[in-house]
Amino acid sequence: MKKHGGDIIGDFLGSKGVKQLYTLCGGHISPILTGAKNVGIEIVDVRDEVSAVFAADASSRMTGIPGVAAVTAGPGVTNTITAIKNAQMAQSPLILLGGATATILKGRGSLQDIDQMALMEPVTKWSVRVTKIKSLIPTLEKAFEVATLGVPGPVFVEVPVDILYPEATVKDWYMKEAGLEKATGLGAKALKLYLKAHLKRQFHQPHIAVDISPPQPFNSLFDTTIKSAVKDTIRALKKAKRPVLIVGSQALVNYSKSEANELSECIESIAIPTFLGGGARGLLGQKNEIQFRHKRSAALKKADLVIVAGFPFDFRLGYGQKINKKATVVSVNLNEDDLKKNRKPTLALLGHSGDFLVKLSHCLDGATQDREPWFNTLRDREKQRDDEIEALAKSKSELINPVGLFSEIEKQMDENSVIVVDGGDFVATGSYIVRPRRPLQWLDPGVFGTLGVGGGFAIGAAKCRPDAEIWLFYGDGSSAYSLAEFDTYVRHGLAPIAVVGTDAEWAQIAREQKQVLRDDVGTTLLRTDYHIVAKGFGGEGLLLKDPKKMASVIKKAKKLATEGKPVLINAHLEKNDFREGSISI
């Protein structure tokens with residue numbers, strides 16, 4: 001039997017090492033799902049298209065292979081826009097396959113027919129429409145290339161329904177829709193000839209390369225300047241008494257687990273104080289002598305050398321102004337704008353910061369300055385903050401102290417845990433306390449600050465790491481975006497542990513709004529029974545109000561997860577001021 005367009009797509013994805021296709025079914029894309037299934041790709045169907053893209057995003061971050069999602073036309077595509085924009089800003093390479101109306105009906109008012117290209121072009125690295133069977137493979141090849149080349153990002157490929165089904169089936173549709181099954185006369189004959197010519201173009205015309213011209217290729221200076229950049233950085237390192245290394249998510253883009261482990265070893269060999277941000281969390285394990293987690297701004301103010309690897313000079317670095325003005329600043333980034341935005345570095349290198357750090361470690365030799373006093377200063381600050389957190393964790397409360405809750409989770413969390421974070425105040429509190437154990441085991445939305453990533457990220461994490469303990473930290477506000485994905489967990493045998501910090505408000509917003517504007521309008525919630533909602537979808541739910549039961553409830557949740565049951569802990573929080581004054585806008 002001759003393969004149809006869906007089969008061709010399935011074969012191609014299999015050849016690229018894609019293991020899962022994330023989707024929500026729709027008539028426009030059914031052949032893609034069956035075609036992928038036929039070659040052994042697992043079809044993971046979710047409850048909201050946005051979760052399909054978030055899952056694909058998580059997959060790409062954790063495997064180095066672009067994740068793939070397929071959604072139906074019209075509202076199926078528009079539902080993904082937030083997730084696609086999040087991937088664009090997080091620089092995650094992924095492929096979104098979007099269904100579309102039949103080529104011959106485009107613009108004529110058919111079901112779910114809109115100008116999808118106009119919507120997707122601003123939020124993707126490349127958007128393209130396929131109209132011929134023989135263009136499918138070349139277009140998909142180019143899509144994977146564009147997604148991973150230079151600054152990674154999402155690519156949208158629109159695939160009309162009539163190039164996915166077999167030619168004979170499409171011909172029958174055309175004749176039926178045009179009322180030509182039994183029609184006679186000159187007009188009917190002319191229309192039949194037109195449709196026959198259209199079918200021939202779709203199914204038999206050769207691919208024409210000009211149809212899929214991609215954006216300008218990545219213009220990297222990396223290959224020509226890396227040697228001199230490494231030499232200059234080594235010279236600066238040998239002179240520096242107070243160096244600091246900042247590593248961001250971009251250092252890991254397109255990296256596999258083995259490449260991430262190599263990068264970890266190389267950073268350790270560079271042996272300077274290191275702060276990890278975003279997806280780079282966990283690169284140095286749970287604890288490491290050179291890694292610091294607190295008081296980053298204070299360190300940057302005193303540093304005499306700052307290496308910024310795959311991290312922009314954005315609000316997280318005080319727009320570059322928190323760095324000592326007299327410091328030597330080395331910036332390595334795949335994005336030419338991010339190299340110099342807000343702060344002009346001493347040395348700017350356009351390229352992959354992970355590769356740069358590996359090369360730097362391999363070329364290091366000779367003596368350096370005595371940095372023990374600098375390390376001791378940073379260690380004293382680190383210990384002081386950890387001691388403060390430990391004291392706060394032990395403070396008494398009638399309901400659940402969030403600092404104490406995360407401290408207990410940190411104690412019980414497995415070595416192979418993956419951490420997914422989706423929320424504001426509660427989740428940010430956890431980021432001070434919970435430590436990823438290994439590289440590629442931390443998933444946050446990134447600089448877009450998107451709420452709603454949790455359900456999809458947890459699905460992608462669980463599929464990429466089936467042996468891992470998956471922790472999903474939710475604010476009570478953010479949980480409602482994707483709580484329905486508990487249904488997906490149950491149907492697909494996934495068992496994440498979700499922890500909802502319930503304080504009955506959008507706390508990160510409410511704290512400052514009430515203080516400055518004296519009004520809580522729009523920020524109040526209820527102490528909703530989220531644990532019962534999880535049960536309603538077939539999972540397990542645990543209510544946690546009593547601080548004395550904290551350890552036992554976490555232990556029970558872990559046991560349920562090992563039994564293959566997704567579980568939600570609904571933790572009713574005591575009001576606290578741990579993060580007072582920390583809002584970012």
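Any read-out appearing in this document is the output of simple, stated calculations on the displayed coordinates, not a laboratory observation. The structure presented is a predicted model; accordingly, all values stated were derived computationally and were not measured. Here the Cβ is made from the backbone with ideal geometry for all residues, glycine too, and neighbour counts use every protein chain on show.
With a ≥ b ≥ c taken as the square roots of the eigenvalues of the C-alpha gyration tensor of the stretch 251-355, please select rounded if a/c is under 1.5 and otherwise prolate if a/b is larger than b/c or oblate if it is not? Oblate, since a/c reaches 1.5 and b/c is not below a/b. Here Ile409, Ile532, Ile8 are placed in order of increasing Cβ neighbour count within 10 Å, fewest first, which gives Ile532, Ile8, Ile409. With respect to the chain, whose longest principal axis is taken over its alpha-carbon atoms, helix 81-90 is tilted by about 50°.
As a rough guide to protection, the peptides 459-469, 145-155, 11-21 ranked by mean Cβ packing within 10 Å, highest first, stand as 145-155, 459-469, 11-21. Modelled label positions at Thr169 and Glu336, each set 7 Å beyond Cα in the direction of Cβ, lie 4.6 nm from each other.
Just want to confirm a number: the relative contact order over the stretch 271-355, from Cα pairs under 8 angstrom separated by 6+ residues, in percent. Rounded, it is 23 percent for the stretch 271-355. Where does the charge balance sit around Leu334 when Lys and Arg score +1, Asp and Glu -1, over other residues with C-beta under 13 Å from its C-beta? Cβ neighbours under 13 Å give a net charge of -3. Counting only residues at least eight positions apart within a chain, or on another chain, the aspartates and glutamates with an alpha carbon under 16 Å from that of Lys535 are Glu485, Asp487, Glu563. Extension gain, Val516 to Glu141: 0.36 nm times the residue separation minus the Cα-Cα distance gives 129.7 nm. With the simple spin-label model, which puts each label point 7 Å out from Cα in the Cβ direction, the Thr377 to Tyr319 separation comes to 2.6 nm.
By the rule of a C-alpha distance below 20 Å, with chain neighbours fewer than 8 residues away ignored, the lysines paired with Lys287 are Lys257, Lys295, Lys383, Lys411. Spin-label pair Thr562-Ser258: with each label point 7 Å from Cα along the Cα-Cβ axis, the two points sit 3.1 nm from one another.
The HN-Hα couplings worked out from phi for the stretch 57-64 by the Karplus form 6.51 cos²θ - 1.76 cosθ + 1.60 (θ = phi - 60°) are 4, 4, 4, 5, 5, 8, 10, x Hz, whole numbers, x standing for Gly and Pro.
Relative to the longest principal axis of the Cα atoms of the chain, the long axis of helix 402-412 lies at roughly 80 degrees. The mean sequence separation of alpha-carbon pairs under 8 Å and at least six residues apart, normalised by the residue count of the stretch 1-66, gives a relative contact order of 36 percent.
The phi torsions of the stretch 39-45, fed into the Karplus equation with coefficients 6.51, -1.76 and 1.60 and a -60° offset, translate into couplings of 9, x, 6, 7, 8, 10, 9 Hz, rounded to whole numbers, with Gly and Pro shown as x. Applying both filters, DSSP loop and at most 11 other Cβ atoms within 10 Å, to the trypsin sites (Lys or Arg not before Pro) of the stretch 308-406 gives Lys325, Lys326, Lys394, Lys396. Relative to the dominant Cα principal axis of the chain, helix 507-517 is inclined by about 70°. Our estimate of slack between Ile43 and Ala484, defined as 0.36 nm per intervening residue step minus the Cα-Cα distance, is 156.9 nm. Computed per residue of the chain from DSSP H runs no shorter than four, each worth -39500 (n - 2.57), the mean residue ellipticity at 222 nm is -13000 deg cm²/dmol.
Per-residue packing, averaged as other Cβ atoms within 10 Å, sorts the ranges 417-427, 533-543 into the order 417-427, 533-543, beginning with the highest.
Measuring nothing but how far apart in sequence close Cα pairs (under 8 Å, 6+ apart) lie, relative to its length, the chain scores a relative contact order of 12 percent.
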